[in-house]
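This report refers to the structure that appears directly beneath it.
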Amino acid sequence: MRGTSAWVGLILILGSGSLPAETIRQEQDHYETLENCTFVANAANDGDSFHVSHQGTGYFFRLYYVDSPESDERLHERLQDQGKVFGLAPEEVLKAGKKAKKFTADELSRGKFSVATKWKDAQGASGMKRYFAFVKKNRDDFAETLVENGWARVYGASDVTPDGKGVNETYGKLKALQRKAKSAKKGVWTSKNLQNLPEE
């Protein structure tokens, strides 16, 4: 992965399993950084959202700026929507979603990473409190890593990054990475229908 000072956005959720439950946090206007976080395997993890442990407390993060293919077959409307974007049938989206989920697990299980969050509520179907956040591993922005490898599209919630980069600048960089991934037919962009997809 390339070195970069950028951060990646994620959603935090209450932890599960053997990890203690998270204390509900209040939204703030500045980022709080959680250092030395570790990836936690969980059935609810996805390509762009995953459980994390920090100092013995469990959280669940959802990336800003990006959207990975879904791996949950119960999300019918979401699968249909993503299928139109990725040029895939719903069942193919699910297969891609499982590969994206594995990619994230493999990448984040190797070593520790940092998370920056304002504790902004991201809502969601899980019923747990979730928060948007940014994640950085080995100075790499993980949202960029996902897009660069073809396991996410540029889409969704946005914010100024912890190092002060604006929304337009961040989107522009991610869009450029997405165009390269599509051109190289990486990850989810391997569909034969790619040429028929509209430019975002």
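Here the spin labels are modelled as points 7 Å beyond Cα on the Cα-Cβ line, and at Asn138 and Thr38 they lie 1.9 nm apart.
Taking amide H as placed 1.01 Å from N in the peptide plane, Lys129 has its amide H under 5 Å from the amide H of Leu14, each at least 5 places away in sequence or on another chain. Separation of segment 108-160 and segment 43-62 by C-alpha centroid, Å? Value for the Cα centre distance between the two parts: 10 Å. Proximity of backbone amide H atoms, modeled 1.01 Å from N, is registered between Val66 and Tyr155 at under 5 Å, excluding neighbours fewer than 5 places apart on the same chain. A simple rule links phi to the HN-Hα coupling: the Karplus curve 6.51 cos²θ - 1.76 cosθ + 1.60 with θ = phi - 60°, which for segment 29-37 gives 9, 10, 7, 10, 9, 9, 8, 6, 7 Hz, with x for Gly and Pro.
Net length available on complete extension from His76 to Ala157 is 27.0 nm, with 0.36 nm assigned per residue and the Cα-Cα distance removed.
Here Lys136 is the anchor, and the lysines within straight C-alpha reach of less than 20 Å, apart from those fewer than 8 places off in the same chain, are Lys101, Lys102, Lys112, Lys118, Lys120, Lys165, Lys173, Lys175. Binning the C-alpha pair distances of segment 8-192 at 10 Å intervals from 0 yields a P(r) profile of 10, 40, 37, 13, 1 %, listed from the shortest bin outward. Taking θ as phi - 60° and the Karplus parameters 6.51, -1.76 and 1.60, the scalar couplings of segment 48-58 work out to 10, 8, 6, 7, 9, 10, 9, 6, x, 9, x Hz in sequence order, x denoting glycine and proline.
The 3J(HN,Hα) values that the Karplus relation (6.51, -1.76, 1.60; θ = phi - 60°) gives for segment 82-99 are, in residue order, 5, x, 5, 6, 7, x, 10, 6, x, 5, 6, 4, 4, 4, 5, x, 5, 5 Hz. Gly and Pro appear as x. Estimated from the Cβ-Cβ distance and a Förster radius of 45 angstrom, the FRET efficiency linking Trp119 and Thr190 is about 0.75.
Read the figures in this text as sums done on the coordinates, not as results from a lab. Being a predicted model, the structure only gives us computed values, none of them experimental. All Cβ positions, glycine included, derive from the backbone under ideal geometry; neighbour counts span all protein chains shown.
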